[in-house]
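Worksheet: the structure to be examined is printed underneath.
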C-alpha cells in the first residue's frame, strides 16, 4: 500500500536546454504532452538568451498548457550544458529528472519506456542507447558511424563503463543521484555526458539502458572534425586517470 | 579504487606472469620474449574486429525519419490552432 502510494507520487522534471530552438521547442512540448498523458511531469526550459524568439514561443506554450507545467527559467547568454542542468534542477519539483535535447533527435515517445524500466528495476539512472537492437540512428554517413564505433570500442576497452552508449544525452536520473554526480563533474560538451555516466558507474549507482532511435537534426548537419576527435581522446584519458 | 589503479594492477599481474614464464623456460626463450608483442597485436586485432562487426551491425532506423515528419506535421497543426508561433523564419 505504501509502495503504491509512493509510486503514484513520482514526478518527472524534464529539463530542456535551448538555444535558438524556436520551432523545435513547440514540437517537443506537444510530443511530451502527447506521450506522457498519465504521468505527473513538468517541463523546465533553460534558454540561454536565444535571439530567435524561443522564449516568446515558450510563453505562448505556457498559455496553452499552463505555467505550472511549463517553466521558463532563462539565462542571459550561452553558459554551457552542465550549468544549464544545474540551473534547471534548482527549479525542479520532481523526484526524477529527465535530460534531453531540444532538436528532436531525442523523441519523447521513448520516455514511457524509460519510466517503465526505472519502475521495474528501481534503477537510479536510465540511459538511452542508440547502439543496441531496437535502437538506431538515421542520417549518419559511413564515416560518422565508423568514428562513433571506433570511439565506443576505445572507451569500452579503457573505461569499462557498464553502458553501451557513453555520449548519449537522453537520460532519466533520480534527482538525488543527478545532484550528487553533477557536483563532481568538470568537463564540458559531450565529454561531460561521458563523465557523468562513468562517475555514476564508479560510484555504484544502478544504471539501466533502453534502446532509443536518434534521427539526426533535420536542418543542418553536425560536424565531426579533427578537433572533436582530439577533444574526445583527451576526455577518455582524463576519465581513465581521474575516475 | 580508481579505475587506473585497477588497470595498472592488471598489467603488473600480466607482467609478473610473463617474468615467471621467462624463469621457468617451459617454452623456448625466443617465444617468451615475444609474448608481450603477441599480446598487444592480438588486442589491436580484437579491437579492429569489434569496430568492424559493430559497423556492419550498426542499427539504423530510416522509418523513424518518416514517423518524425508525421509527428512534426501533427504538432504544427495543433499548435497553430492554439496561437503558438510555428514558423521557421
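Values in this text are rule-based calculations from the coordinates and carry no lab data. None of the values given here were measured: they were computed from a predicted structure. Please note: Cβ atoms are built from the backbone with ideal geometry, for glycine as well, and neighbour counts cover all protein chains shown.
Checking residue A:188 against (1) within 14 Å of chain B (Cβ to nearest Cβ); (2) farther than 24 Å from residue B:61 by Cα; (3) surrounded by fewer than 21 Cβ atoms within 10 Å (Cβ to Cβ): exactly one of these is not met. Which one?
(1)
Condition check: free of Cβ contacts under 8 Å to residues at least 12 places away in the same chain and either surrounded by 14 or more Cβ atoms within 10 Å (Cβ to Cβ) or within 14 Å of chain B (Cβ to nearest Cβ) (or both). Does residue A:45 satisfy that?
No; evaluated as a whole, the condition is false for this residue.
Check A:142, A:146, A:159 and return the single one that is more than 17 Å from the chain's Cα centre (by Cα), within 11 Å of chain B (Cβ to nearest Cβ) and surrounded by fewer than 16 Cβ atoms within 10 Å (Cβ to Cβ).
When all the criteria are applied, what remains is A:142.
Condition test on residue A:213, is it buried (at least 16 other Cβ atoms within 10 Å of the Cβ) and within 10 Å of chain B (Cβ to nearest Cβ)?
Answer is yes for this residue.
Is there a residue being within 13 Å of another protein chain (Cβ to nearest Cβ), outside any loop (DSSP other than H, G, I, E, B), out of contact with any helix residue (DSSP H, G or I) (no Cβ under 6 Å at 6 or more places or on another chain) and without any contact (Cβ under 8 Å) to a residue 12 or more places away in the chain anywhere in segment A:89-106?
Within segment A:89-106, none of the residues are within 13 Å of another protein chain (Cβ to nearest Cβ), outside any loop (DSSP other than H, G, I, E, B), out of contact with any helix residue (DSSP H, G or I) (no Cβ under 6 Å at 6 or more places or on another chain) and without any contact (Cβ under 8 Å) to a residue 12 or more places away in the chain.
Return a yes/no flag: does segment B:48-71 have any residue that is facing chain A (nearest Cβ under 7 Å), over 26 Å from the mean Cα position of the chain (by Cα) and under 24 Å from residue A:28 (Cα atoms).
Yes: one or more hits.
Take residues that are out of contact with any helix residue (DSSP H, G or I) (no Cβ under 8 Å at 6 or more places or on another chain) and tell me which of the helices (runs of 4 or more DSSP H) falling wholly in segment A:1-83 contain 3 or more.
A:2-8, A:54-65
Could you grab me the full set of residues in segment A:172-203 that are over 19 Å from residue A:148 (Cα atoms) and assigned to a helix (DSSP H, G or I)?
Hits for segment A:172-203 are A:175, A:176, A:177, A:178, A:179, A:180, A:181, A:182, A:199, A:200, A:201, A:202.
For segment A:118-128, how many residues meet the condition of being surrounded by fewer than 19 Cβ atoms within 10 Å (Cβ to Cβ) and in contact with a strand residue (DSSP E or B) (Cβ under 7 Å, 6 or more places away or on another chain)?
Residues in segment A:118-128 being surrounded by fewer than 19 Cβ atoms within 10 Å (Cβ to Cβ) and in contact with a strand residue (DSSP E or B) (Cβ under 7 Å, 6 or more places away or on another chain): 1 in total.
Could you please let me know if residue A:183 is surrounded by fewer than 22 Cβ atoms within 10 Å (Cβ to Cβ), free of Cβ contacts under 8 Å to residues at least 60 places away in the same chain and in contact with a strand residue (DSSP E or B) (Cβ under 6 Å, 6 or more places away or on another chain)?
Taking the combined requirement at face value, the residue does not satisfy it.
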